Structures are given as structure tokens and as C-alpha cells.
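Q: Here it is: the structure, laid out below.
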Amino acid sequence: MSSFQDQNTSAKQDLFEGVDFYGIDELLTEEHLLIRQSIRDFVKKEISPYIEDWSQNAHFPSEIVPKFGDVGAFGPQIPVEYGGGGLDYISYGLIMQEIERGDSGMRSTASVQGSLVMYPIYAMGSEEQRKKYLPKLASGEWLGCFGLTEPDHGSNPGGMQTHFKDNGDHYLLNGAKMWISNAPDADIAVVWAKDVNDRIHGLIVERGMEGFSTPETHHKWSLRASCTGELVFDNVKIPKENLLPGKSGLSAPLMCLDSARYGIAWGAIGAAMDCYESAKRYSLERIQFDKPIASFQLVQKKLAEMLTEITKAQLLVWRLGTLKTLGKATSAQISMAKRNNVDMALNIAREARQIHGGMGITGEYPIMRHMMNLESVITYEGTHDIHLLILGNEITGIPAFK
């Protein structure tokens, strides 16, 4: 029987090479493959060696922000003229997949910046706003956050109470947002609030504006390497040029959520692949009853089901990415992929934990960290059940939200 150390040769080493049972790489372009490899190399160098310590210590590594900018992880779908990558949505998805294989919290940092901050400024902002904010967000000089969820309004964002009024030469903003990724370190916030007519608008709030604070949320068991906080607005004076002029109403922030949910559908596959690969390697190394546990039927069943679900999820997002690049992806299609793929990843994390036995709950392997992270991912950007109801509404034409 091999020694304990021999059995754990894969621990804390990033040996990932990819999971592609159906030859999906053949559907990707050379550019897609190069982009994926560059982000994979980045994750192995800048995230994998440190992520367990960051997570164990609930530490957000602020130094990763400019590094994400350097590697092109912020706003890769934004045009080059504003500092983005000018890439298609499959490229964006692959970037999110590789980052989330490293950690869901790290992917949250990147997807909030690209989909929830840069995207609304690009799609709904003025040309002056695009030129002022997007290049600094793309480079990682500035970090942004997205203020929609409130203490009393989560799945029902239309009920928000944050509001602003016109005070002549400025707007006066009051209210609070909760569960905001990047908030404690953010330089700007894209905040959604109601005007005096209860119409929802987007406002760009900048760090340093009087009455604006971002208290950090502590004691999380999930996304521990990501910074989370509140946004508090106490009579904050917002310059009128900071209102996003291109779109208003609830559909405006929901457009942003579509973009973020799309990235999550890809990202969750990364977490699932990391758990699957770790479980496969461990099962081949771990000796019990004088043979590797991979030789037992129940372990093979788990691995076979993991690979099957990952492959189905990969095909789902590849087609969704094709539709999104063509401008044809619907909100309901994105909901299906987000719901399915995050649920798939969470189930794989749980099965992988069983294969790892007691070692699966330690920081020697990524399993428990992924599992805890995915408990947040299955809830944020639309809960598991809300996405089910979005699909139900699409199928029947009858909204079940009220």
C-alpha cells in the first residue's frame, strides 16, 4: 500500500489539461483556443497557487485586479476603442470558464466588472461616460460594482426603495444595496434607483462622493476570496452627467443580468471540471482494499455521470454562445443555461467530495471550496427557482412570480 504522501501527489498542484469528451474544441476557432490557453496559464500562475490560502483567510487579493486587466479578463466583449477586447461571446464564455475553474469568487470579480459595470456604461451610457470610465475599468486601474439587490428586495428588484430626486444642478440619492460583489474595494458603482415617478434609472456613483459608503460583509462561508459589501447612500449628490441616458425601466438592469448570467453558465463548467478532474486523479491514486478506488463500480458510476453532465453543459453553452454572438440569445435561453449548469456543477462538487472521502473537506483539494462557492452562485444573478419560473413563463405565457 502506498504512503499517504504518495496518494496525495495531486494535492495543491494545478494539473488541469481540459475536459472535452465530445471534441467540442473542433467547434472553436484558433483564436478561441489561444484565448482559453492564455487564461488557463494565467489561472495556473496567478490564482491556483494562492487561492486556498486566500479563501481560508477570507482575503480578497486586490493585486489581482490590474493583473486581470493585463490579461484581458475585464470586458473582453467591449469594443477595443474603449479598452475592451472586441471579442465574441464564446471567447467571453471561455474566459469566465477558465477563471471559475480557479475560483468562483475570482470569476465574480471579473464578470461583475465586465458584464454589470462596463456593459451598462457601454450599452446605455453617453459617449463621454464611455470614454471616461471604460478604459480605466478595462485596465483594472478602477474596480466597479453593480447595485441592484436591496435588503428587502432580492428576487423582486422592481420593488426597490433606493430613490433619487432632481435638485436642480444635481440628483440627490438615498437608499441602500446589499450583497454587492466588489463593493468594499470599488472605485465606482453602477446603481439602480427610482426617480420621483418610480421609473428605474442607472446612476454612476463614485468613491469619495459625500454620503456614499461601502461597509464590508464579513463571516461568509462562501466566495471567501471575493469581497462583498453594502452600498449606502445618505443624501449623495450625483452630478447629472452621471445618469445613464440610454435606457431606463426594470429592463435596463435585467439586460445586464442576462450578460452576467451568460458568463456564469460558462463559469460553472470550469468549477465542475476542476472537481471532476480532482476526483478522477484522486480515485486513481487512493488505494483501498489493495487497489485504486477508481476500480470500484460506484466510483466509476460517479465519474461517468460527472463527465456526461459536463459534456451536456458544454454543448448547451457552445450553442448559447453562438446565438449570443449573433444577437439571438433570449433571456429564457440564458436562464436555462445558468440554472442547469450551476446545478450540475454543485452536484458534481458534492459527488467529488464523496470520492475524496475525508480529504474532500480539507484545503488540500479544491472540492469543498468550490462546493461552498457554488451555493452562492446557484442563488445570485437569479435563484435556481426564479430561473425555473422564467422558463415556466416562457413555456406557458403565464408569469408565476405574483
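The values are calculated or read from the model by the stated rules, or taken from the named source; none is laboratory data. The shown structure was predicted, so the numbers you read here are calculated from the model rather than taken from an experiment. Quick reminder, even Gly has a Cβ in these numbers, built from the backbone with ideal geometry, and neighbours come from all protein chains shown. To get the accessible areas, we keep the full protein, side chains included, count just its heavy atoms, and leave off ligands, DNA and RNA. Shrake-Rupley method; radii C 1.70, N 1.55, O 1.52, S 1.80 Å.
Q: Given Leu254, Leu284, which one is open to solvent by 50 Å² or more (accessible area, probe 1.4 Å), part of a helix (DSSP H, G or I), free of Cβ contacts under 8 Å to residues at least 40 places away in the same chain and of a type outside the set (Val, Ile, Thr)?
A: Being open to solvent by 50 Å² or more (accessible area, probe 1.4 Å), part of a helix (DSSP H, G or I), free of Cβ contacts under 8 Å to residues at least 40 places away in the same chain and of a type outside the set (Val, Ile, Thr) holds for just one of Leu254, Leu284, which is Leu284.
Q: Collect the residues in the stretch 105-149 that are in a loop (DSSP other than H, G, I, E, B) and more than 19 Å from the chain's Cα centre (by Cα), keeping them in residue-number order.
A: Listed by number, the residues that qualify are Gly125, Ser126, Glu141.
Residues are listed down the side, and each one gets a yes or a no for (1) touching a Gly at 6+ places or on another chain (Cβ under 8 Å); (2) outside the structural domain of Gly84 (by the TED database); (3) modelled with pLDDT of 95 or more; (4) under 30 Å from Ile95 (Cβ atoms):
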{"site": "Thr109", "(1), (2), (3), (4)": "no, no, yes, yes"}
{"site": "Gln113", "(1), (2), (3), (4)": "yes, no, yes, yes"}
{"site": "Gly125", "(1), (2), (3), (4)": "yes, no, yes, yes"}
{"site": "Arg130", "(1), (2), (3), (4)": "no, no, yes, yes"}
{"site": "Asp152", "(1), (2), (3), (4)": "yes, yes, no, no"}
{"site": "Asn156", "(1), (2), (3), (4)": "no, yes, no, no"}
{"site": "Val191", "(1), (2), (3), (4)": "yes, yes, yes, yes"}
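Q: Sticking with this one: So the check is Cβ under 6 Å with 6+ separation or different chains; which pairs have a first residue in the stretch 161-177 that's in contact (Cβ under 8 Å) with a residue 12 or more places away in the chain and a second one that's of a type in the set (S, T, N, Q) and surrounded by fewer than 13 Cβ atoms within 10 Å (Cβ to Cβ)?
A: Qualifying pairs under 6 Å: Leu172/Asn235.
Q: Sticking with this structure for a sec: If I filter the stretch 225-245 down to residues being of a type outside the set (D, E, K, R) and open to solvent by 30 Å² or more (accessible area, probe 1.4 Å), which single residue comes out as nearest to Asp152 (Cα to Cα)?
A: This residue is Val232.
Q: I've got another one for you. Going by the conditions given, is Trp179 in a loop (DSSP other than H, G, I, E, B) and open to solvent by 20 Å² or more (accessible area, probe 1.4 Å)?
A: Taking the combined requirement at face value, the residue does not satisfy it.
Q: Another one. Kindly list the number of the only condition in (1) surrounded by fewer than 17 Cβ atoms within 10 Å (Cβ to Cβ); (2) more than 16 Å from Asp103 (Cα to Cα) that fails for Gly321.
A: The number of the failed condition is (1).
Q: Being outside any helix (DSSP H, G or I) and either in the same structural domain as His153 (by the TED database) or exposed (fewer than 15 other Cβ atoms within 10 Å of the Cβ) (or both) is the filter here; which residues of the stretch 365-385 pass it?
A: Within the stretch 365-385, just Thr383 meets the criteria.
Q: Further question on the same structure: Take the residues of the stretch 343-402 that are touching a residue at least 24 places away in the same chain (Cβ under 8 Å) and acidic (Asp, Glu): which is farthest from Asp53 (Cα to Cα)?
A: Here the answer is Glu394.
Q: Still on this structure: Can you work out which of the residues in the stretch 305-318 that are open to solvent by less than 40 Å² (accessible area, probe 1.4 Å) and touching a helix residue (DSSP H, G or I) at 6+ places or on another chain (Cβ under 6 Å) is farthest from Met273 (Cα to Cα)?
A: Among those residues, the one meeting the criterion is Val317.
Q: Which numbered condition trips up Leu388, out of (1) farther than 30 Å from Asn57 by Cβ; (2) touching a Lys or Arg at 6+ places or on another chain (Cβ under 7 Å); (3) open to solvent by less than 60 Å² (accessible area, probe 1.4 Å)?
A: The failed condition is (3).
Q: So, in the stretch 43-69, exactly how many residues are open to solvent by less than 50 Å² (accessible area, probe 1.4 Å), assigned to a helix (DSSP H, G or I) and either touching a His at 6+ places or on another chain (Cβ under 9 Å) or touching a residue at least 40 places away in the same chain (Cβ under 8 Å) (or both)?
A: Count: 9.
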